[in-house]
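The values are calculated or read from the model by the stated rules, or taken from the named source; none is laboratory data. The structure displayed is predicted, hence computed values, not measured ones. Cβ: placed from backbone, ideal geometry, glycine included. Neighbour counts: every protein chain shown.
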Amino acid sequence: MTKAAPLLPANSFRKQVIWAVIAANLLVGLLTVLVLGNVHGFGVPAAIMTAVFFISASLLAARLLLRASAQQQAGRESLAAVKQAQQEGERRWRKMFDQSPLGAAIVAPGHGFLDANETLCRILGYEREELLAKNFRDVMHPEELPQELERMQRLLTGDAEHYNSESRYLSQSGADVWAQVSMSLVKDGNGQPLYFLPLIQDIGMRKQAEEQINYLAYHDALTGLPNRQLAKDRLDHAVAYASREKSGVGVLHLDLDHFKAINDTLGHPVGDGLIKKIADTLRDCVRTTDTIARLGGDEFLIILANVIDPEIISTIATKVQETLGTTFKVQGHDLTTSVSIGIAVYPEDGKDFDSLLKKADTALYKAKASGRNTYQFYTEQMNNEAVEYLKIRNGLRQALINDEFLLHYQPQINLADGKVVGVEALIRWRHPEMGILQPGRFIAIAEESGLIVPMGDWALKHACQQAVEWRKAGLPPIVVAVNLSAIQFQRGDIEKSVVQALNESGHDPQYLELELTESILVQDIEKTLEILKRLKSMGIKLSIDDFGTGYSSLSYLKRFDVDKLKIDQSFVRDMASDKNDAAIVHAIIQMARSLNLQVIAEGVEDETLVAMLHGQHCDEAQGYHFARPMAAAAFVEYMENLIAAKAIA
């Protein structure tokens, strides 16, 4: 059998066809010349001209045919290149989809799964085949389903191009899965929806951390009882309900008698054990609608809701005293105690948490003064604190005029090298009758009256001036921390005050730190955020004071770009003897380190705490162990002594 000749490439074959056509035209032209010459007697010139015509026409035709062929070939090659690029793009997209650290899926407009990557399967606990057999609705949490479907519908209708949300999903085991979701809709060239493209990030760990911080913010770590903040919220609700129902609310402030003696003789572990047993016992003394809170130390608060018969308050107070008067066995010790109780009643004694607690506290002191182990209702005769309140309130404005305020400064120590890196400016009042008053005696009254605004401006101005004077005296540059009140943000122009203090003093902004309370960050958030951004742009440092006692939240730490967290002394002071306090301090330090924030612990009073904090990588500390707050001149002497001892550079 004869072997067939190999086929020519398409391009070569086309060229051969074209040249064959040209050759045929030339042949036809020559034959035509010969025929015309023989038949019609054309002369040689005419024949030549005719031949030239045919040859030219053939060449032109060939050129056109070759050009058309080349264009066709280029078009085919271009289409092949485009197709290859598309295939390469699809391969790259497929690789990104499959290997993405985020969970990703392709979901049909009808919510059926078309595809899912391994990350999403791992987040939800499904095998890929199992997940693809599901509908996207099947993995949404029932409580989140209506909102998610509404958002997806907005994508389909064109009311939104994409959306981000935090939603719960259901794993294969039925457990909740918290996720950050970024959802978009992919459309074809005609604008028709092809599929949804959700990108899902597991935020379960973050949610757990937020829940832990929130729990710590509203509960006492030792007993698990509501703390002061949660008690305030419960009382607000009880007052609102009583106002509607025309009933009352009882507020009982409890303080264990001689509890300090137990701590001092048997130690804090035994004292903590007694506190926990007291908390458990109190739960059996009240109704399920009532609230028991621990205010700190050996102080408790009971809120009796919907009191219709005032006699029930006395009945429960008596029951509490009788029950707590029994013997408690703690770590092998038989302990007996008694309790003093001060009582205030809504609406007779006040209509909000602060006023009711204040009057219950006044009644408590009356009960203690009456021999302890008793209870007292607040009466108008208990006006000692009211008199002092008026004296302080009336004296505050005059104190500003007479320059009766002064600042003391407490050093802040770098735990890594023991150097002084800053001071906290703390206000004092040289009261003409009552002597030197600590801020706890007058700050709350100043905030209530609005005088905290000019007081805060005064403190800011003098702290900056003092820092400049220290530099002129030859001291090394250190950060001066000044406390800000939420009232200064609400009623004052804090930004103007800071700029004015810096300009008038010449103090370098990088050595000014503003200590913010957590309440500042949750009031008028957008306005506060803009103010703090502008202050940060000047180089000023921001810290959160008393972290862990208020509205602790990871979300505002992220938004407000703070530099430092200050752990409240209530957690630090007993961390060596209280495992719960130690755990809270450790959690805050670790969280801060993960967010690249500095941490300073206040209330450090002995070397044991220093060692524990340093071992947990706490950055800075302040407290009586290092130095008490001191006047400006005393601080100069303090620093000179350190420099002489080569404790700082």
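General remarks:
- The number of residues in segment 121-155 that are out of contact with any Ser or Thr (no Cβ under 9 Å at 6 or more places or on another chain), assigned to a helix (DSSP H, G or I) and not basic (Lys, Arg) comes to 13.
- Matching residues, segment 213-228, being touching a residue at least 24 places away in the same chain (Cβ under 8 Å), out of contact with any strand residue (DSSP E or B) (no Cβ under 9 Å at 6 or more places or on another chain) and not in a loop (DSSP other than H, G, I, E, B): ILE213, ASN214, LEU216, ALA217
- Of the listed requirements (1) more than 20 Å from ALA444 (Cβ to Cβ); (2) surrounded by fewer than 19 Cβ atoms within 10 Å (Cβ to Cβ), ALA463 misses just one: (2).
- Conditions (1) of a type outside the set (Ser, Thr, Tyr); (2) loosely packed, with under 15 Cβ neighbours inside 10 Å; (3) at pLDDT 90 or above: number failed by LEU225: (2)
- Among the residues of segment 423-461, those that are of a type in the set (Val, Ile, Thr) and within 17 Å of LEU516 (Cα to Cα) comprise VAL423, ILE427, ILE443, ILE452, VAL453.
- Residue count for segment 505-531, restricted to those that are under 19 Å from ILE427 (Cβ atoms), touching a helix residue (DSSP H, G or I) at 6+ places or on another chain (Cβ under 9 Å) and of a type outside the set (Ser, Thr, Tyr): 5.
- Against the criterion of being surrounded by fewer than 21 Cβ atoms within 10 Å (Cβ to Cβ), touching a Cys at 6+ places or on another chain (Cβ under 8 Å), closer than 18 Å to SER543 by Cβ and in contact (Cβ under 8 Å) with a residue 12 or more places away in the chain, LEU502 qualifies.
- Pairs linking a residue in segment 569-587 that is farther than 18 Å from ASN214 by Cβ to a residue that is part of a helix (DSSP H, G or I) and of a type in the set (Ser, Thr, Tyr), with Cβ atoms under 7 Å and 6 or more positions apart or on different chains, are ALA576/THR608.
- Residues located in segment 113-135, provided they are closer than 15 Å to PHE196 by Cβ and out of contact with any helix residue (DSSP H, G or I) (no Cβ under 8 Å at 6 or more places or on another chain): LEU132, LYS134, ASN135
- Among the conditions (1) surrounded by fewer than 19 Cβ atoms within 10 Å (Cβ to Cβ); (2) more than 23 Å from the chain's Cα centre (by Cα), ARG206 misses just one, which is (2).
- Taking residues in segment 165-186 that are assigned by TED's automatic domain parsing to the domain that holds ASN135, and partners anywhere that are among the acidic types (Asp, Glu) and part of a loop (DSSP other than H, G, I, E, B), the pairs with Cβ atoms closer than 6 Å and at least 6 places apart or on different chains are SER167/GLU144; ARG168/GLU144.
- Scanning segment 307-328 for residues that are among the charged types (D, E, K, R) and farther than 13 Å from THR281 by Cα yields a total of 2.
- Sole exception among (1) without any contact (Cβ under 8 Å) to a residue 60 or more places away in the chain; (2) surrounded by 13 or more Cβ atoms within 10 Å (Cβ to Cβ) for ILE123, by number: (1)
- Candidate set from segment 601-649 (those that are surrounded by 15 or more Cβ atoms within 10 Å (Cβ to Cβ) and of a type in the set (Gly, Ala, Ser)); member that is farthest from the chain's Cα centre (by Cα): ALA632
- Qualifying residue in segment 519-540 (condition: hydroxyl-bearing (Ser, Thr, Tyr) and either closer than 23 Å to VAL599 by Cβ or within 17 Å of the chain's Cα centre (by Cα) (or both)): yes
- Residue under evaluation ALA105, criteria (1) surrounded by fewer than 14 Cβ atoms within 10 Å (Cβ to Cβ); (2) touching a residue at least 60 places away in the same chain (Cβ under 8 Å); (3) of a type in the set (Gly, Ala, Ser), criterion not met: (1)
- Residue within segment 468-486 that is in contact with a helix residue (DSSP H, G or I) (Cβ under 6 Å, 6 or more places away or on another chain) and over 20 Å from PRO509 (Cα atoms) present: yes
- Selected residue (criterion: farthest from VAL345 (Cα to Cα)) from residues of segment 283-304 that are touching a residue at least 40 places away in the same chain (Cβ under 8 Å) and hydrophobic (A, V, I, L, M, F, W, C): LEU295
- Residue within segment 600-616 that is of a type in the set (Gly, Ala, Ser), in a loop (DSSP other than H, G, I, E, B), assigned by TED's automatic domain parsing to the domain that holds PRO411 and over 22 Å from ASP220 (Cα atoms) present: no
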